[in-house]
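Encoded as structure tokens, the structure appears first; notes follow it.
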Amino acid sequence: MVHEWSLAEALLRYVASVYGPRIKTLKLRVGVLQSIDKEVLLFSIRELAGLYNVSLGDVVLEDEEAVFKCNRCGYEWSFNPGDLGEEVRESIHFLPEAVFAYTRCPRCGSRDFKVVKGRGLEVAEVVPG
Amino acid sequence: MVRLDFRILHVKDKLMAVKKTYVVLSSKGGVGKSTLSSLLAFYAAERGASAGLVDLDFTNPSTHIVLGVDPREVRYVEEKGIFPALVGKLRYVTPAAFTRDSPLPLRGENVSRALFELISILRLDGLDYLFIDTPPGMSDEHMDIVYRLGEVVKPVVVTTPSPLSVSSVRKMISLLRESGLREIFLVENMGGGGLADVFKEPGITYLGYVPFYPGFDNCIGSLENVRRCPLRSFFESIVDKLVSEG
């Protein structure tokens with residue numbers, strides 16, 4: 001079982017603590033930068049919900065494109081981790097901020113850019129009940 | 001739309017499962033934080049404790065240099081998270097393994113995200129002692145640790161006897177106290193024990209000193225160097241005090 005399990009653990013812990021043990025809908029954004037395996041994530045969430053006694057209805061996973069913006073020249077671009085080698089992609093999978101070690105602004109070459117969206121897993125909406 | 005960092009509770013759970021987590025801090029640069037955190041953790045492990053070291057100096061990690069570890073060779077085992085790598089008996093994590101030791105320029109919010117992401121995926125099961133190395137200053141990593149994780153970590157403040165360093169860490173200690181941390185440990189590095197009296201105050205536990213040693217570079221850079229370091233007993237004396245504290 002890969003590290004999607006630990007992401008799911010953190011997520012369930014938080015959701016149960018903040019919204020209680022009955023969740024009707026859990027909507028998640030899955031930023032493509034982190035190359036999360038959605039099938040494994042969903043499996044982990046369902047398994048952990050059982051372990052933590054969380055009654056979980058619909059779980060909706062939505063892909064979010066990774067978009068970066070250069071802090072130096074303002075250029076905005078879409079980033080596809082599929083263009084990276086396997087080893088680098090795996091490093092970013094564990095630690096998305098590692099992308100700053102491997103990527104530069106395609107226009108001016110600066111490493112000073114921000115991840116506008118699509119970093120990794122985020123809670124978009126929780127409907128208790 | 002809700003934008004939440006859902007990792008915080010999980011990170012607290014992880015650190016609470018460790019018997020004692022020490023965060024090695026100093027507002028002053030160059031006082032030996034990385035050396036101290038690396039050697040305390042390594043000697044604790046060598047003495048039979050289940051000890052770990054996590055380097056949270058994301059933009060300039062250096063504990064791997066102290067321990068003589070090539071970050072490009074570090075491989076973490078993945079099983080419902082990632083297990084720290086074994087360096088001798090020490091369980092070790094460095095962000096340099098994810099960057100292959102390339103420069104990692106990060107602005108503040110990215111430091112915070114990296115910190116919570118990294119700790120949240122770590123498998124710290126069964127650890128008795130965890131040492132966390134931090135960069136100098138009082139910035140993002142420190143704010144996150146002090147204000148969000150203060151209840152589950154114990155600060156070990158490092159200073160040299162230099163008035164510049166002492167003055168700087170006094171401000172840090174004041175901030176730690178303000179934020180509710182009542183138990184602060186202090187280590188005097190490159191000194192002779194004179195700060196024991198200077199910091200004789202309620203709430204501060206002086207753990208000891210490590211003397212200045214001109215050949216100290218021979219104490220780092222490989223596990224053999226670390227094992228044979230002539231100052232080892234000074235570090236071990238500090239380990240003993242940490243292990244025996246309640």
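Using label points projected 7 Å from each Cα along Cα→Cβ, tell me how many nm separate residue A:52 and residue B:224, to one decimal.
4.9 nm
Using 7 Å Cα-to-Cβ label points, what is the residue B:77/residue A:87 separation (nm, one decimal)?
My value for the distance between the label points is 2.2 nm.
Given 0.36 nm per residue, what is the gain on full extension from residue A:42 to residue A:76 after removing their alpha carbon distance, in nm?
That works out to 9.1 nm of additional length.
Mind sorting A:89, B:75, B:113 by how few other Cβ atoms lie within 10 Å of their own Cβ, fewest first? Before the final figure, lay out the partial values.
Working: A:89 17, B:75 9, B:113 21.
Lowest to highest Cβ neighbour count: B:75, A:89, B:113.
Please report A:100, B:212, B:199 as a ranked list, fewest other C-beta atoms within 10 angstrom at the top and most at the bottom.
Fewest-to-most Cβ neighbours within 10 Å comes out as B:212, B:199, A:100.
Let me check the size of chain B from its C-alpha atoms; what are the radius of gyration and Dmax in Å?
Rg, Dmax (Cα atoms, Å): 17.0, 58.
Determine the dipole magnitude for the protein assembly as shown: charges of +1 sit on the beta-carbon of Lys and Arg, -1 on that of Asp and Glu, nothing else is charged, the reference point is the Cα centre, and the result goes in debye to the nearest 20.
Dipole size: approximately 660 debye.
Please say if the range B:39-112 is rounded, prolate or oblate, where rounded means a/c under 1.5 for a ≥ b ≥ c the square roots of the C-alpha gyration tensor eigenvalues, and otherwise the choice is prolate for a/b larger than b/c and oblate otherwise?
prolate
Using Cα positions and a limit of under 14 Å, work out the aspartates and glutamates in reach of residue B:14, with same-chain residues fewer than 8 apart set aside.
Reachable aspartates and glutamates: A:9, B:117, B:125, B:128, B:151.
Listing B:233, B:244, B:38, B:139 from the residue with the fewest other Cβ atoms within 10 Å to the one with the most, what is the order?
By the 10 Å Cβ count, ascending, the order reads B:244, B:233, B:139, B:38.
Out of the DSSP beta bridges found with both residues in the range A:4-128, what percent are antiparallel (nearest 5)?
Here the share of antiparallel DSSP bridges comes out near 60 percent.
Among B:86, B:9, B:115, which residue has its Cα positioned farthest towards the positive end of the charge dipole of the range B:8-244, with +1 placed on the Cβ of Lys and Arg, -1 on the Cβ of Asp and Glu, and the dipole taken about the Cα centre?
B:9
Of B:132, A:10, B:42, which is farthest along the charge dipole of the protein assembly as shown in the positive direction, counting Lys and Arg as +1 and Asp and Glu as -1 at C-beta?
Of the options given, the answer is B:132.
Treating only the Cβ atoms of Lys and Arg (+1) and Asp and Glu (-1) as charged, compute the dipole magnitude of the range A:4-128 about its Cα centre; round to the nearest 20 debye.
Charge dipole, the range A:4-128, about its Cα centre: 520 debye, nearest 20.
Return one number: the angle in degrees, 0 to 90 and rounded to the nearest 10, between the long axis of the Cα atoms of helix A:38-51 and the longest principal axis of the Cα atoms of chain A.
On a 0 to 90 degree scale, this one is about 30.
Of the candidates A:97, A:76, A:39, which one comes out as most mobile in a Gaussian network treatment of chain A with C-alpha springs shorter than 10 Å?
Highest fluctuation among the options: A:39.
To the nearest 20 Debye, how big is the dipole of the range B:8-244 about its Cα centre, given +1 on the beta carbon of each Lys and Arg and -1 on that of each Asp and Glu?
With only Lys, Arg, Asp and Glu charged at Cβ, the dipole is about 240 debye.
Using a 10 Å cut-off on Cβ atoms, rank the peptides A:50-60, B:151-161 from the highest mean neighbour count down.
Details: A:50-60: 12.9, B:151-161: 20.9.
The packing order, highest mean first, is B:151-161, A:50-60.
Quick note: the coordinates plus some simple rules give every number you see, no bench work behind them. Being a predicted model, the structure only gives us computed values, none of them experimental. Every residue, glycine among them, receives a Cβ derived from its backbone with ideal geometry; neighbour counts consider all protein chains shown.
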